1. Quickly run through the range 103-139 and pick out the residues that are surrounded by fewer than 18 Cβ atoms within 10 Å (Cβ to Cβ), free of Cβ contacts under 8 Å to residues at least 40 places away in the same chain and among the aliphatic types (A, V, I, L, M).
2. Every residue in the range 8-30 that is modelled with pLDDT under 95 and among the polar types (S, T, N, Q), please.
3. Within the range 29-44, is even one residue of a type in the set (A, V, I, L, M), in contact with a Leu (Cβ under 8 Å, 6 or more places away or on another chain) and in contact (Cβ under 8 Å) with a residue 60 or more places away in the chain?
4. Could you give me the residue pairs with C-beta distances under 7 Å whose first residue belongs to the range 59-72 and is closer than 19 Å to TYR33 by Cβ, whose second residue is of a type in the set (Ser, Thr, Tyr) and in a strand (DSSP E or B) wherever it lies, and which are 6+ apart or on separate chains?
5. Looking only at residues that are within 30 Å of TRP19 (Cα to Cα) and among the acidic types (Asp, Glu) in the range 53-85, which one is modelled with the highest pLDDT?
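The values are calculated or read from the model by the stated rules, or taken from the named source; none is laboratory data. Bear in mind that the values here come from a model prediction, so they are computed numbers and not experimental data. Counting neighbours? That spans all protein chains shown, and the Cβs are built from the backbone with ideal geometry, glycine included.
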Amino acid sequence: MSQLLPSGTEFVWPVRVYWEDTDAGGIVFYANYLKFFERARTEWLRSRGISQARLRETTGGIFVVSDTQLRYLNPARLDDELLVTAQALEIGRASLTIRQRAVRHSTGSPLVLCEGSIRIGWVDAERHRPARIPLTVLEALT
């Protein structure tokens, strides 16, 4: 049974766009938003006391991405300062759905560049089979 969460505070992680993040046109390469989102999710978990490496060692499980849905709305460019957000929308026994956005804030009013939802599932790290998220992790996320 999954639990829809009321809208709460978004976790915010700052990132600057570097040369390596851009394509030949000088804008952020579309796949790099997935990297920004991954890093923000990892930092969001850390902010809640969850170390993914420690989880693997103590529980034998890991989170894996099972679905992504992204919309690209505006380009980011070299040296832009972005805020990348993560917010749990739904928490189930074996997966989470997380809303994420990349927002440019260095040019005055915030502008959403990319937004989407990422579904991550919990699996046994050895067999890569779905498993239940440990209760301690669920408690830290709600």
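1. LEU111, VAL112, LEU135
2. Selection gives THR9 alone.
3. No, that holds for no residue.
4. SER66/SER95; GLN69/SER117
5. Of the residues in the range 53-85, the ones within 30 Å of TRP19 (Cα to Cα) are 53, 63-85.
Those still in the list that are among the acidic types (Asp, Glu) too: 67, 79-81.
Working: ASP67: 97, ASP79: 91, ASP80: 93, GLU81: 93.
Looking at residues that are within 30 Å of TRP19 (Cα to Cα) and among the acidic types (Asp, Glu), I get ASP67.
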